[in-house]
Amino acid sequence: LQPLDYIYIAPMAVRDVYVLGNVIAPSRVNYYKGITLMNALAYAGGWTVNTARSADLSKVLLIRGELDKPWVSCIDIRELYQGKALDIYLCPGDIIYVNNKTTRFGRELVRAAIYTYVQ
């Protein structure tokens with residue numbers, strides 16, 4: 001080290017949730033205790049509707065954990081806003097990826113979501 005050098009130690013815990021894909025304003029949302037999937041989607045302005053590339057609300061991904069071995073859940077958002085399912089509490093570092101209606105599914109979709117997050 002040299003005089004006047006700065007040392008930055010990044011915090012260990014990720015304190016954000018990421019909302020990516022086909023939403024109005026893809027963004028990093030500050031995590032707080034009690035934040036839900038629908039809260040995070042609202043912070044991102046919601047999803048696109050009535051366009052050629054509308055959001056596929058039946059295949060919204062929740063990605064949690066390490067990026068090399070993520071835990072992935074496919075969620076049908078329509079069931080949440082129709083009251084047929086309970087909203088999901090988020091954890092710090094969660095990634096929500098809203099897919100387009102016309103795109104892929106499965107491992108390829110998970111890779112696309114992680115790639116978008118890394119960018």
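The values are calculated or read from the model by the stated rules, or taken from the named source; none is laboratory data. Values in this document were obtained by computation on a predicted structure and should not be read as measured data. So basically every Cβ, Gly included, is an ideal-geometry build from the backbone, and we count neighbours across all protein chains shown. Please note that ligands, DNA and RNA were not included when accessible areas were found on the heavy atoms of the full protein model with its side chains. Shrake-Rupley method; radii C 1.70, N 1.55, O 1.52, S 1.80 Å.
Values as computed for the structure displayed
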{"item": "When residues of the range 51-62 are limited to those that are open to solvent by less than 50 Å² (accessible area, probe 1.4 Å) and not β-branched (Val, Ile, Thr), the one nearest to residue 37 (Cα to Cα)", "result": "62"}
{"item": "The range 63-87, residues that are within 15 Å of residue 39 (Cα to Cα) and in contact with a Ser or Thr (Cβ under 6 Å, 6 or more places away or on another chain)", "result": "87"}
{"item": "Matching residues, the range 16-44, being more than 17 Å from residue 90 (Cβ to Cβ) and not hydrophobic (A, V, I, L, M, F, W, C)", "result": "22"}
{"item": "1 or more residues at pLDDT below 90: qualifying helices (runs of 4 or more DSSP H) within the range 14-119", "result": "77-81, 107-118"}
{"item": "Residue match in the range 72-79 (condition: closer than 17 Å to residue 28 by Cα, open to solvent by less than 70 Å² (accessible area, probe 1.4 Å) and not hydroxyl-bearing (Ser, Thr, Tyr))", "result": "no"}
{"item": "Yes/no for residue 15 being among the basic types (Lys, Arg) and either touching a Lys or Arg at 6+ places or on another chain (Cβ under 7 Å) or loosely packed, with under 14 Cβ neighbours inside 10 Å (or both)", "result": "yes"}
{"item": "Search result, residues across the range 15-67 that are among the basic types (Lys, Arg) and in contact with a Gly (Cβ under 8 Å, 6 or more places away or on another chain)", "result": "64"}
